[in-house]
1. I need to check one value: relative contact order of the range 261-339, counting alpha carbon pairs closer than 8 Å and at least 6 residues apart, in percent.
2. Once Rh is set to the Kirkwood radius over Cα pairs, what Stokes-Einstein translational diffusion coefficient, in µm²/s, holds for the range 1-147 at a temperature of 10 °C and a viscosity of 1.306 mPa s?
3. Report the accessible area of Lys101, computed with a 1.4 Å probe over the heavy atoms of all protein chains in place, in Å² rounded to the nearest 10.
4. Provide the gained length on full extension for the span Arg40 to Asn323, in nm with one decimal, where the gain is 0.36 nm per separating residue minus the Cα-Cα distance.
5. So what is the relative contact order for the range 26-148, in percent, with contacts set as C-alpha pairs under 8 Å and at least six apart?
6. With the chain treated as a Gaussian network of Cα nodes joined by springs under 10 Å, which of Pro91, Pro218, Pro39 yields the largest mean-square fluctuation?
7. With a 1.4 Å probe and all protein chains left in place, how much of the accessible area of the chain comes from carbon and sulfur atoms, in whole percent?
8. Determine the order of Asp192, Asp206 by accessible area, beginning with the largest, at a probe radius of 1.4 Å.
Amino acid sequence: MDLVDPFGRTIRDLRISVTDRCNFRCTYCMPQEGMKWLPRSEVLSFEEIERLSRIFVERFEVDGLRLTGGEPTVRSHLPVLVHKLSGLRVPVSSRSPMAGKAPDLSVTTNGATFRLVAEELRINGLQRVNISLDTLKRDRFLQMTRRDELFRVLDGIEAAKEAGFSPVKINAVIERGVNDDEILDLACFGRDRGVEVRFIEFMPLDASGEWGRHKVVPQDEIVANIAAVFPLELVPARGAAPADRWRYVDGAGIIGVIPTVSHPFCGDCDRVRITADGQFRTCLFATTEFDLRALLRDGSDDDVIAAEIQRAVGLKWAGHQINQVNFIRPARSMSQIGG
Ligand code: SF4
């Protein structure tokens with residue numbers, strides 16, 4: 001049975017935050033001192049995550065599961081969870097292209113410790129990886145993440161390629177006046193290393209609340225910046241995927257841009273999220289949540305949980321309101337929601 005929202009959008013993609021903790025302190029995400037971490041007892045166990053994922057995949061034909069954080073690799077034994085989730089099957093009767101198969105299993109990571117887990121995650125069924133990299137300058141990396149870990153992230157990217165993940169995607173958040181002078185360098189990095197760089201417009205999800213429209217480098221400017229040196233052609237039909245994509249005319253690969261602010265793509269949204277503490281969010285910018293953890297722990301059966309998921313999706317809004325005067329920032333910052 002498909003999970004369809006009031007605007008006729010079918011939910012196919014579940015983002016699961018497996019921890020709110022992180023080994024970085026990115027300035028556009030959290031303060032220097034970090035956040036007040038969730039007590040372990042409040043974080044969903046692997047068994048609870050598997051149970052929820054089973055309901056989404058086997059009842060509602062969700063065919064994409066993305067593991068996020070905080071930083072998912074700081075959750076110990078992550079390959080064990082990946083193994084559990086790769087055992088799920090999208091129903092053969094589903095209209096999904098993944099019918100009868102395991103859901104598409106991916107992770108978004110900052111890459112710093114990916115060398116240590118890449119092979120094991122791959123062996124246990126992980127299919128795709130996105131690694132965050134906002135700068136190629138060591139001092140700026142330290143300034144942006146408050147960690148001197150650029151080389152480990154670059155090594156994490158190589159580890160992902162060596163483990164056979166393809167394409168390895170790079171997520172680069174561009175902030176005006178911080179790293180917008182590296183758009184071309186990051187594009188060249190992707191061309192040289194054979195990875196797909198996706199430029200992400202800065203979003204109002206920073207814990208410090210300092211986001212402002214003047215800090216957003218819009219999609220058109222990012223693309224023009226690259227196309228001036230490397231001609232690009234648009235890849236048609238983005239579908240529900242968050243990124244618009246362009247291929248280099250000279251065949252050197254593909255770039256993507258996630259234009260949340262300048263070209264909202266909510267009309268095709270197929271995504272929902274579960275936070276590390278089991279709260280169900282039907283939008284990244286949602287201001288209301290549905291407590292699935294309580295149902296997981298109060299003896300409710302899967303029918304009750306499924307009904308609550310349907311009720312929540314039945315209330316999903318048309319899209320974020322960043323460009324409207326009535327925009328209200330979510331109470332949670334990005335690290336407490338998961339990408
Ligand atoms: S902002 Fe919300 S509705 Fe829009 S694409 Fe993102 S998750 Fe979907």
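1. Averaging sequence separation for qualifying contacts and normalising by length gives 34 percent for the range 261-339.
2. 96 µm²/s
3. 110 Å²
4. 98.2 nm is the gain from fully extending Arg40 to Asn323.
5. 26 percent
6. Fluctuation is largest for Pro39.
7. The nonpolar share, carbon plus sulfur, comes to 53 percent.
8. Output order, biggest surface exposure first: Asp192, Asp206.
The values are calculated or read from the model by the stated rules, or taken from the named source; none is laboratory data. Since the structure is predicted, the reported quantities are computational estimates derived from the model, not experimental observations. Backbone-built Cβ (ideal geometry, glycine too); neighbour counts: all protein chains shown. When the accessible area is computed, the model is the full protein with side chains, heavy atoms only, and any ligands, DNA or RNA have been set aside. Shrake-Rupley method; radii C 1.70, N 1.55, O 1.52, S 1.80 Å.
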